[in-house]
1. Give me the net charge of LEU158's neighbourhood, meaning all other residues with Cβ under 14 Å from the Cβ of LEU158; Lys, Arg count +1, Asp, Glu -1.
2. Give me the accessible area per residue for the chain, probe 1.4 Å, as a whole number in Å².
3. Eight or more residues apart or on different chains, and alpha-carbon atoms under 17 Å: count the Lys pairs in region 5-163 matching that.
4. Per-residue ellipticity at 222 nm for the chain, helices alone: DSSP H runs ≥ 4 residues times -39500 (n - 2.57), over residue total, nearest 500 deg cm²/dmol?
5. What nm value, rounded to one decimal, do you get for the distance between GLN100 and ILE28 when each label is placed 7 Å out toward the C-beta?
6. Under 1.5 on a/c is rounded, so check that first for region 1-72, then, if it is not, pick prolate when a/b is larger than b/c and oblate when it is not; a ≥ b ≥ c are the square roots of the alpha carbon gyration tensor eigenvalues.
7. Keeping the other protein chains in place, figure out the carbon and sulfur percent of the accessible area of region 1-116, with a 1.4 Å probe.
8. How would you order 123-129, 21-27 from highest to lowest mean count of nearby Cβ atoms within 10 Å?
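The values are calculated or read from the model by the stated rules, or taken from the named source; none is laboratory data. None of these values were measured; they are calculated from a predicted model. Methodologically, a virtual Cβ is constructed for each residue, glycine included, from the backbone with ideal geometry; neighbour enumeration extends over all protein chains shown. Please note that ligands, DNA and RNA were not included when accessible areas were found on the heavy atoms of the full protein model with its side chains. Shrake-Rupley method; radii C 1.70, N 1.55, O 1.52, S 1.80 Å.
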Amino acid sequence: GPRSNSRIRRLLLQPAIMRNLRRLKPQIVHFHDPELLPLMCILQKWILCNSRFIYDVHEDYGTLVRTYGFPWNATIWIYNILIRYAEKHMTMVLAEDSYQKRFRRTHAVIHNFSVETAGATDTARENTFVYIGEICDVRGAFVMIKAFARIQAPGWKLQLIGRTSPPDFGIHLRELAVHENLGTDQIEILNYLPFTQAVEKIRLAKVGLCLLSPESNFVDSL
């Protein structure tokens with residue numbers, strides 16, 4: 001099915017996922033959406049008994065859903081039961097060291113970030129602040145614009161690159177930029193870019209920004 005960031009949408013895809021996995025009978029099933037954990041436990045125990053399952057843990061689900069409120073926070077007890085099963089019968093890989101405290105056994109950690117590559121020389125860099133990731137309030141979008149306005153640097157530009165959440169969030173950011181007397185040429189809000197283009201934006205910028213709010217899911221993150 002089409003790519004979706006909706007947890008509900010991913011839940012609705014599970015019958016199709018099961019049909020395809022039963023048809024393919026893969027040697028390895030590698031997944032990282034926690035919404036798929038109930039289905040994967042069923043498949044591993046009763047249907048694809050000869051397949052090796054790898055649960056690639058990309059988020060601290062228990063901490064994350066507490067910030068969502070009901071009904072998601074009510075699923076934590078189910079997740080904890082399933083994760084005990086996964087620890088016994090699947091291979092687990094963690095994207096961050098801090099996730100280890102959530103589990104009873106020690107698991108391999110493969111950090112979820114790219115390796116360092118050669119950057120542009122200082123003379124090639126542009127007077128730009130750049131942020132890449134989900135563009136939303138808790139990830140510092142409003143703070144970045146207000147801080148950028150405060151330094152009063154007319155020769156500089158602020159680039160925000162990624163998906164806005166909610167989708168119309170970019171409208172509010174542009175309204176804030178106007179309110180802060182920033183020129184339209186100083187603020188650039190772009191959608192997702194291909195990896196090579198995104199890396200090039202980072203290489204050419206002089207300052208990178210990461211101004212996450214102290215949400216419980218961010219505090220221990222890299």
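1. Numbers: positive: LYS146, ARG150, LYS157, ARG174, LYS201, LYS206; negative: GLU126, GLU180, ASP185, GLU188.
Neighbour charge sum, excluding LEU158 itself: +2.
2. Details: 13740 Å² over 222 residues.
Accessible area per residue, the chain: 62 Å².
3. Details: LYS25/LYS45; LYS45/LYS88; LYS88/LYS101; LYS146/LYS157.
Close lysine pairs found across region 5-163: 4.
4. Dividing the helical sum by the residues of the chain leaves -10000 deg cm²/dmol.
5. 2.3
6. On the way: a/c = 2.29, a/b = 1.67, b/c = 1.37.
The shape class here is prolate.
7. 56
8. Values: 123-129: 13.1, 21-27: 11.6.
Highest-to-lowest ranking by the protection proxy: 123-129, 21-27.
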